[in-house]
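A.B. asks: Sharing a structure with you now.
The values are calculated or read from the model by the stated rules, or taken from the named source; none is laboratory data. Everything numeric here is computed off the predicted structure, so don't read it as measured data. Here the Cβ is made from the backbone with ideal geometry for all residues, glycine too, and neighbour counts use every protein chain on show. Side chains included, ligands, DNA and RNA excluded: accessible areas come from the protein's heavy atoms. Shrake-Rupley method; radii C 1.70, N 1.55, O 1.52, S 1.80 Å.
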Amino acid sequence: MSKIKNEWPTQNHMALLYRRSMASAAQKSALNAVEFEKRGIPYEEVYRCTSRQLAANNARAFREKMADVNDLREWGKQMTPEIGREAFGMEIIESTEDCFAMDMHFCPHLKGWQEIGMSDEMCAKLCDLAMEGDFAMAREMGYELENPLRLANGDCACRVIYRRAKKEEE
């Protein structure tokens, strides 16, 4: 029996469509991973590499929208549009100039993996690969990211904590 709890109610039609779209994309990635494993083809580094490339592109787009990239309150506004808050069941824990932290009580990616029967172990592995993009995005933005809780590990939420990266001289 799975130890993963990944439920968060919403009646918001757009959030439900957003969840479905993300779950479908996650299912394709998971099925690709399974097929690569069956064939003995290494894929993890390729997934990590493409996640880092996408993160660099996304960071450029975020920077253009932000008045002050050093203010993590601005980052929080970019990271939590209304549709995202509803779709992921987001709860903002802290939003200051130096730190932005939130809990996500639902993960559409994880739901997609669960729907196609991925084991808890595979879900955790896929989550780790997906989170590579989040860590890369944080680095591209000049932030540090902590991810002490993950739904895919059986935790009650996925917690992300962004902080401004410390300068070398500090």
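A.B. asks: Working only within the range 73-104, note down all residues that are in a loop (DSSP other than H, G, I, E, B) and open to solvent by 30 Å² or more (accessible area, probe 1.4 Å).
C.D. replies: Across the range 73-104, the qualifying residues are P81, T96, E97, D98.
A.B. asks: Restricting to the range 134-170, name every residue that is within 11 Å of the chain's Cα centre (by Cα) and either aromatic (F, W, Y) or at pLDDT below 95 (or both).
C.D. replies: Listed by number, the list holds a single entry, F135.
A.B. asks: For A138, state whether it is more than 22 Å from E37 (Cβ to Cβ), touching a His at 6+ places or on another chain (Cβ under 6 Å), buried (at least 19 other Cβ atoms within 10 Å of the Cβ) and not aromatic (F, W, Y).
C.D. replies: no
A.B. asks: List every residue pair whose Cβ atoms sit under 9 Å apart, with the two residues 6 or more apart in sequence or on different chains, where the first one lies in the range 140-153 and is assigned to a helix (DSSP H, G or I) and the second, anywhere, is among the β-branched types (V, I, T) and at pLDDT 95 or above.
C.D. replies: M141/V69; L151/I4; A152/I4; N153/I4
A.B. asks: Let me ask you something else. Quick check on A157: is it within 17 Å of F100 (Cα to Cα) and in contact (Cβ under 8 Å) with a residue 60 or more places away in the chain? Outline the logic, then answer.
C.D. replies: Working: within 17 Å of F100 (Cα to Cα): yes; in contact (Cβ under 8 Å) with a residue 60 or more places away in the chain: yes.
Yes; evaluated as a whole, the condition is true for this residue.
A.B. asks: Next up: Can you name the residue in the range 4-50 that is touching an Asp or Glu at 6+ places or on another chain (Cβ under 6 Å) and outside any helix (DSSP H, G or I) and is also nearest to L110 (Cα to Cα) among such residues? Step through it out loud before you land on a result.
C.D. replies: Restricting attention to the range 4-50, the residues satisfying the condition of being touching an Asp or Glu at 6+ places or on another chain (Cβ under 6 Å) are 4, 10, 12, 15, 48.
Filter once more, so that each one left must be outside any helix (DSSP H, G or I): 4, 10, 12.
Details: I4: 9, T10: 16, N12: 19 Å.
Looking at residues that are touching an Asp or Glu at 6+ places or on another chain (Cβ under 6 Å) and outside any helix (DSSP H, G or I), I get I4.
A.B. asks: Hey, among N70, N58, which residue is part of a helix (DSSP H, G or I), touching a residue at least 40 places away in the same chain (Cβ under 8 Å) and open to solvent by 50 Å² or more (accessible area, probe 1.4 Å)?
C.D. replies: Only one candidate qualifies: N58.
A.B. asks: Among the residues that make up the range 107-123, is at least one of them among the charged types (D, E, K, R), at pLDDT 95 or above and in contact with a Lys or Arg (Cβ under 9 Å, 6 or more places away or on another chain)?
C.D. replies: Yes, some residue in the range 107-123 is among the charged types (D, E, K, R), at pLDDT 95 or above and in contact with a Lys or Arg (Cβ under 9 Å, 6 or more places away or on another chain).
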